[in-house]
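> Below you'll find the structure I mean.
The values are calculated or read from the model by the stated rules, or taken from the named source; none is laboratory data. Please read all numbers here as calculations on a predicted model, not as lab measurements. Quick reminder, even Gly has a Cβ in these numbers, built from the backbone with ideal geometry, and neighbours come from all protein chains shown.
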Amino acid sequence: MPGKPLHGLPHRYNEMRTTKNSERLFKLARRYLPGGVDSPVRAFGAVESIPRFIVEGNGSKIRDADGNSYIDYVCSWGPLILGHAERRIVEALRHAAGKGTSFGAVTELETRLAAMICKALPSMEMVRFVSSGTEAAMSAIRLARAFTGRDRIIKFAGCYHGHCDSLLVSGGSGMATLGIPDSPGVTASTARDTLVAGYNDLDSVRRLFAGYPDSVAAVIVEPIAANMGLVHPASGFLSGLQRLARANGALLIFDEVITGFRVAYGGAQQLYKIRPDLTCLGKIIGGGLPVGAYGGRRDIMQMVAPSGKVYQAGTLSGNPLAVTAGITTLEILRDPSIYKQLEDKGDLLQEGLAASACDACMPLSIARQGSLLTVFFSAQAITDYTAARSCDTAVFGRFFRGMLEQGIYWPPSQFEAAFLSLAHSRQDISVTVKAARQVLKQIQD
Ligand code: KE4
């Protein structure tokens with residue numbers, strides 16, 4: 001209820017949660033912001049619910065404008081691996097802000113964060129900071145085209161790399177197709193330079209290279225996909241991509257905006273021992289403030305202006321506050337015990353959710369990598385976008401709304417991943433599992 005202390009957990013079950021302030025604020029927001037939001041998924045359209053207007057976060061909890069508190073499994077879509085308002089990050093920001101918020105000039109901070117990233121991900125011999133994952137992917141694509149002198153890109157159905165035109169493209173029917181615009185405003189000519197393959201389908205990639213010889217600049221892939229829900233690469237998929245790219249004179253780009261520093265300090269490329277030519281980063285490296293980055297082989301990165309001719313720029317690139325939050329976050333993540341703690345939390349949640357599904361006789365398929373997890377409402381294992389789209393999104397919507405009622409803020413889409421943070425306690429996970437058991441049983445009754 002209003003004014004309920006943020007830490008006022010455990011939740012009282014079945015308590016009616018008023019949403020009148022969120023409804024009022026959403027109505028007002030829709031007057032000024034398209035759909036009332038600044039990013040579509042926040043509108044809760046996929047789950048037919050009123051978006052909760054959040055006023056505060058602390059640790060694993062968030063509180064909305066009606067005073068309802070929730071255990072948060074969105075965590076700002078990944079950046080908050082240490083939880084909300086982490087004390088050391090807030091203190092570092094407070095100190096940095098007192099010295100100015102932006103200079104549009106070089107600072108030693110950017111070099112420090114770049115050096116930390118290059119040490120964590122050795123494939124990244126040089127780095128350029130931007131302000132979002134979209135900018136990182138967009139710039140990496142431009143650079144790959146310049147380096148190879150080729151126009152075409154191969155991406156994968158179900159993978160998302162931000163909203164730049166070249167990558168807002170989906171496959172036609174079936175796989176290994178010419179791209180079609182995923183949004184009005186993306187021109188057919190732009191989409192024609194993007195080829196779409198099937199995730200975990202190396203043959204579809206072979207067919208595209210054979211069908212468009214000497215014209216593919218790069219293959220861009222989420223090494224562990226998390227935008228169709230979490231889908232692991234099949235054994236040999238990533239190494240196969242690397243072989244095919246090299247054999248055809250194309251670059252391999254890992255989009256690690258989600259997986260970077262999430263699944264391991266060295267990202268998915270550390271787990272799978274693959275050295276991509278370029279990598280995109282975001283989210284965690286900004287500690288909750290706007291940062292993206294792209295980087296990779298020195299011979300490629302030297303082409304970026306002003307050392308080379310590939311133009312890319314940004315008023316707030318390498319912003320001192322954002323970089324301070326990133327440095328502080330990565331310094332904390334350097335403690336190797338942290339990824340074991342995150343693994344244990346993820347395992348506890350996965351076990352509990354699987355048991356709840358079993359108790360409720362609800363066929364679910366749960367995919368997890370460390371603190372990244374998706375509950376698929378499907379009895380089959382999800383290995384690609386076609387399988388992901390077969391999930392029962394209506395039942396997912398009921399699950400989401402039921403969990404929200406129970407004070408669990410689950411990602412509002414079947415095709416997103418849930419994020420645990422270091423701040424999620426065993427108590428949080430126990431409350432979450434109990435809520436899931438109750439909600440899944442209600443759905444089945
Ligand atoms: P941003 O431009 O949103 O910072 O990053 C784009 C991006 C690039 N690459 C990957 C693998 C990504 O997942 C993203 C963005 N992730 C989504 C969540 N799946 C952001 C949430 C949103 O769009 O509001």
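> Across region 364-388, what is the total count of residues that are more than 15 Å from A234 (Cα to Cα), of a type in the set (A, V, I, L, M, F, W, C) and exposed (fewer than 15 other Cβ atoms within 10 Å of the Cβ)?
Of the residues in region 364-388, 1 are more than 15 Å from A234 (Cα to Cα), of a type in the set (A, V, I, L, M, F, W, C) and exposed (fewer than 15 other Cβ atoms within 10 Å of the Cβ).
> Assuming G179 fulfils every condition listed in (1) closer than 30 Å to R298 by Cβ; (2) more than 16 Å from the ligand (Cβ to nearest atom); (3) within 23 Å of the chain's Cα centre (by Cα) apart from one, which condition is it?
Status for G179: all satisfied but (1).
> Something else now. So if I check each of C361, C391, which one is buried (at least 22 other Cβ atoms within 10 Å of the Cβ), in a loop (DSSP other than H, G, I, E, B) and not small (G, A, S)?
On the way: C361 fails: buried (at least 22 other Cβ atoms within 10 Å of the Cβ).
Matching residue, one of C361, C391: C391.
> Another one. What pairs can you find where one residue is in region 132-154 and away from the ligand (no atom under 12 Å from the Cβ), the other is basic (K, R) and part of a helix (DSSP H, G or I), and their Cβ atoms are less than 8 Å apart, with a gap of 6+ or different chains?
Close Cβ pairs satisfying both conditions: D151/R145; I153/R145.
> Can you tell me which residues in region 93-138 are touching a Ser or Thr at 6+ places or on another chain (Cβ under 7 Å) and in a loop (DSSP other than H, G, I, E, B)?
G104, L121, S123, M124, S131
> Scan region 256-273 for residues that are away from the ligand (no atom under 16 Å from the Cβ) and in a loop (DSSP other than H, G, I, E, B) and report the count.
Looking only at that region, the number is 3.
Rundown of residues vs (1) modelled with pLDDT under 95; (2) of a type in the set (G, A, S); (3) within 22 Å of R145 (Cβ to Cβ), yes/no style:
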site: G172; (1), (2), (3): yes, yes, no
site: T177; (1), (2), (3): yes, no, yes
site: I180; (1), (2), (3): yes, no, yes
site: S183; (1), (2), (3): yes, yes, yes
site: R192; (1), (2), (3): yes, no, yes
site: N200; (1), (2), (3): no, no, no
site: D203; (1), (2), (3): no, no, no
site: A210; (1), (2), (3): no, yes, yes
site: D214; (1), (2), (3): no, no, yes
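> Identify the single condition in (1) within 30 Å of S204 (Cβ to Cβ); (2) within 16 Å of the ligand (Cβ to nearest atom) that P412 does not satisfy, given that it satisfies every other one.
Unmet condition: (1).
> Another question, then. Can you tell which of I253, I285 is within 16 Å of the ligand (Cβ to nearest atom), touching a Pro at 6+ places or on another chain (Cβ under 9 Å), in a strand (DSSP E or B) and within 26 Å of F147 (Cβ to Cβ)? Spell out how you get there, then give the answer.
Values: I285 fails: in a strand (DSSP E or B).
Unique residue meeting the criteria: I253.
Residue-wise test of (1) farther than 22 Å from S132 by Cβ; (2) within 16 Å of the ligand (Cβ to nearest atom); (3) surrounded by 13 or more Cβ atoms within 10 Å (Cβ to Cβ).
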| position | (1), (2), (3) |
| --- | --- |
| A29 | no, yes, yes |
| S39 | no, yes, no |
| K61 | yes, no, yes |
| Y70 | yes, no, yes |
| V74 | no, yes, yes |
| L82 | no, no, yes |
| G98 | yes, no, no |
| A105 | no, no, no |
| T111 | no, no, yes |
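> Among the residues of region 212-226 satisfying the criterion of being under 15 Å from the mean Cα position of the chain (by Cα) and of a type outside the set (A, V, I, L, M, F, W, C), which is farthest from the ligand (Cβ to nearest atom)?
In this case the residue turns out to be P223.
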